[in-house]
1. As a check on your grasp of the helix formula, calculate [θ] at 222 nm for the chain: sum -39500 (n - 2.57) over DSSP H runs of n ≥ 4, divide by the residue count, round to the nearest 500.
2. Do any GluC sites (Glu not before Pro) in the stretch 32-103 lie in a DSSP loop with no more than 15 other beta carbon atoms within 10 Å, and if so, which?
3. Straight-line reach from residue 116: which lysines have Cα under 17 Å away, leaving out those fewer than 8 places along the same chain?
4. Counting only DSSP beta bridges with both residues in the chain, what percent are antiparallel, rounded to the nearest 5?
5. Quick one: net charge around residue 31, please, counting Lys, Arg +1 and Asp, Glu -1 for every other residue with C-beta under 11 Å from its C-beta.
6. Expressed as a whole number of Å, what is the distance separating the alpha-carbon centroids of the stretch 319-384 and the stretch 34-57?
7. For the stretch 116-228, state what percent of all Cα-Cα pairs lands in each successive 5 Å bin, counting from 0 Å until the bin that includes the largest distance.
8. What's the carbon and sulfur percent of the chain's accessible surface, probe 1.4 angstrom, rounded to a whole number?
Amino acid sequence: MPKIQLIKCHKNLNSRGDWTIDTVIHLDDGTVVSQTVPEGASKGELEAISIPVETAVEIVSHAINDALVGEDAEDQEKIDRILIDMDGTPNKQHLGGNSMLSVSLGVAKAVAESRKLELYEHLAFLYSGRVPDTSFLKFPTPLFNVINGGKHASNGLSFQEFMVIPSTSKTIVEALEMGTSVYKTLKKNLEEKGFSTGVGDEGGFAPEGLTLPRALELIKSAAGENFVVGTDIFFGLDAAAESFHHQDKYVIPEESLELEPSQLNDYYEKILNEYEIIYLEDPFYERDYKGWVDAYSRFSKKIMLVADDLVVTNAKLLEATISKKMANSVIVKPNQVGTLSETFDFIRLARNNKMSIIVSHRSGDTAEDSFIADLAIAVEADFLKAGSPVRGERVVKYNRLLDIYSDING
Ligand code: 2PG
Ligand code: MG
């Protein structure tokens, strides 16, 4: 039973050049691991708060270290409970969601290493009480965000993410080959049409002069060059509607539109009829329950209607979403809630309600952190959202899936 011996934190840079934290956990059996944390740009209002990095470094290295030294590292629930009680706030504003998460994930990683388990094996054990049989591992289908807008790019495109989604029947290797192929075809086509091929925060192209229909046309024709759209490959959108919601309207300047919620649903209906879209995330601002409920009644039988800012990986908010019938799928981002145990509670609740599970990165992420890839396998997530198949902090997550795949398939 390894005990926590020392927790020390220092600051580190993330993919946007913002400061984040790197927490180093020492166990008394000699195990040493480190864990960074990601940070979003389009955040839900009720997410766990990221406190300033200098304060987080102090809190982790002193208050949290003092509270956890000597604790049994294998008792993840107790570790997380100590953190939650010490913080004592609903949004983790006292200790900071960033401080807490680095410790919570770091302890799990340290125990996996100490027990000589793969991280996903230990996480599966924590989640379900058993280490999985590697011959039955379920790999998540990757969601490749190939065009960036919203708060992830300054290109005047209101909608945040345009994703290509390989069919779930593909192996992880095939799915990644498809993602890179479409990405490169799209790049070639953008160049030919005179668009810029500079990228946004998640590695997707971010040219100026796009509208939502134009972006979907570009993606569809790129995907159609090598794959059968609607059979091999589909599309998804994260509207991140909070970022274009102004005074009860949805303002889309690039199309000269100012829409009421019901008109925005008409807009979505039109594009769902025109394109092979199977996934629609955050179509409405998180307090626009009417818009969400209407979207659910219109689209939930046909597509994944995905809640991100609406639920922020928080089981209480998910309960309300389920009872109001607002979504049939959820995003899982451990840093929205601050501890691993609460993340598992959220996933269990979603699973019990037959929702699709999408484990997700953040737009500000780090190139050393592939934790979410192991998490996705451990909880048998349906999808992994980790951006384009480019840039170190995105590719590290996809490569981790490939490493696991290659380990178990010899
Ligand atoms: C989202 C995320 C990740 P951010 O909205 O789903 O793609 O963006 O990390 O900026 O919140
Ligand atoms: Mg989102």
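1. Numbers: 14 runs with 164 residues, N = 410.
Value at 222 nm, helices only, nearest 500: -12500 deg cm²/dmol.
2. Sites meeting the loop and neighbour criteria: 45, 71.
3. List returned: 3.
4. Working: 32 of 53 bridges.
About 60 percent, rounded to the nearest 5.
5. +1
6. 17
7. Answer for the stretch 116-228: a P(r) of 2, 12, 19, 18, 13, 10, 8, 8, 7, 3, 0 percent.
8. Working: 7670 of 15790 Å².
After summing per-atom areas, the C and S share lands at 49 percent.
The values are calculated or read from the model by the stated rules, or taken from the named source; none is laboratory data. Bear in mind that the values here come from a model prediction, so they are computed numbers and not experimental data. Note that we place each Cβ from the backbone using ideal geometry, even for glycine, and neighbour counts take in every protein chain shown. Accessible surface is based on the protein model in full, side chains and every heavy atom, while ligands, DNA and RNA are left aside. Shrake-Rupley method; radii C 1.70, N 1.55, O 1.52, S 1.80 Å.
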